[in-house]
1. Would you check if K163 is assigned to a helix (DSSP H, G or I), in contact with a helix residue (DSSP H, G or I) (Cβ under 6 Å, 6 or more places away or on another chain), touching a residue at least 12 places away in the same chain (Cβ under 8 Å) and surrounded by fewer than 21 Cβ atoms within 10 Å (Cβ to Cβ)?
2. T154: among the hydroxyl-bearing types (S, T, Y) and in contact (Cβ under 8 Å) with a residue 60 or more places away in the chain, yes or no?
3. So L141 passes all but one of these: (1) in contact with a helix residue (DSSP H, G or I) (Cβ under 6 Å, 6 or more places away or on another chain); (2) surrounded by 18 or more Cβ atoms within 10 Å (Cβ to Cβ); (3) not charged (D, E, K, R). Which condition number does it fail?
4. Mind listing just one residue for me: the one in region 51-69 that is at negative phi and surrounded by 21 or more Cβ atoms within 10 Å (Cβ to Cβ) and, of those, nearest to the chain's Cα centre (by Cα)?
5. Please go through region 164-214 and pick out each residue that is closer than 15 Å to L125 by Cβ, touching a strand residue (DSSP E or B) at 6+ places or on another chain (Cβ under 8 Å) and of a type in the set (S, T, Y).
6. If you take the residues in region 144-159 that are within 20 Å of D45 (Cα to Cα) and out of contact with any helix residue (DSSP H, G or I) (no Cβ under 8 Å at 6 or more places or on another chain), which one is modelled with the lowest pLDDT?
7. Which count do you get for residues in region 166-191 that are in a helix (DSSP H, G or I) and not β-branched (V, I, T)?
Amino acid sequence: MNSYSRKCKIKHTDEMKNYERYKSLTAEDCKRELFMLLLCRIPADRKIIPYLSTLKGKKILDVGCGSGFYTKLLIEKNKVVGIDQNPHLCRLSIPLHKGDATDLSTLVGGEKFDVVLSTWMTEYLNPEQLNSFLSEVKKVLNKQGIFISTFISTYCLGYTYVKLAKILKGIDKYCYPKKEIINKLKNTGFTNIKIINLNSWLYIPWAYLVVAEK
């Protein structure tokens, strides 16, 4: 395992267990937790949403689309396909595939996309799964396609967020340092990598918005 990686977890025993808690939820139930919403997500959205608003006329694969919070911002001016372990949570009128982020090319049946988007999903992937996911992203992207994703940081609130998920809820989550993210993307063949810091209130670091080109 890469020496830069901070695993931020107790031994991973079942890669699907983190998604089990969503099976009994409805679309109405699937709301971002108030504390994280106020502390971290709203400040992060001030950078994420304006960036996503620049996407027009694109064919987009939204991996881990959940209830479609970001998806709904894209469907008016783009063609969007969603993938999620619990597609029942998304009631938007888009094609939806049920499946795992490490099996994208099989799920979409060879279909290619201009953009692969993944928001607040990589935190559920251990280093090996993340490598597989990045390889699959490259497979389904068109030439010069764009990968857009969020990653939880190993610093400050990012590390705390991951640890509390395990302590309070028994959920395995992962955080990655900037250098490891860049190395993984480069090793997969991505170029023009940009990393934008996402801060919480009071400008405390907790995550990254990552953009890379195939």
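1. no
2. For T154, the condition - among the hydroxyl-bearing types (S, T, Y) and in contact (Cβ under 8 Å) with a residue 60 or more places away in the chain - is met.
3. (1)
4. It comes out as V63.
5. Y174, Y176, Y208, listed by residue number.
6. Residue satisfying both the conditions and the ranking: C156.
7. 11
Residues checked against (1) of a type outside the set (V, I, T); (2) surrounded by fewer than 20 Cβ atoms within 10 Å (Cβ to Cβ); (3) within 25 Å of P205 (Cα to Cα):
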{"site": "A101", "(1), (2), (3)": "yes, no, no"}
{"site": "G110", "(1), (2), (3)": "yes, yes, no"}
{"site": "S132", "(1), (2), (3)": "yes, yes, no"}
{"site": "I167", "(1), (2), (3)": "no, yes, yes"}
{"site": "K178", "(1), (2), (3)": "yes, yes, yes"}
{"site": "G189", "(1), (2), (3)": "yes, yes, no"}
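The values are calculated or read from the model by the stated rules, or taken from the named source; none is laboratory data. Because the structure is a prediction, the values reported are computed rather than measured. We place every Cβ from the backbone using ideal geometry, glycine too, and count neighbours over all the protein chains shown.
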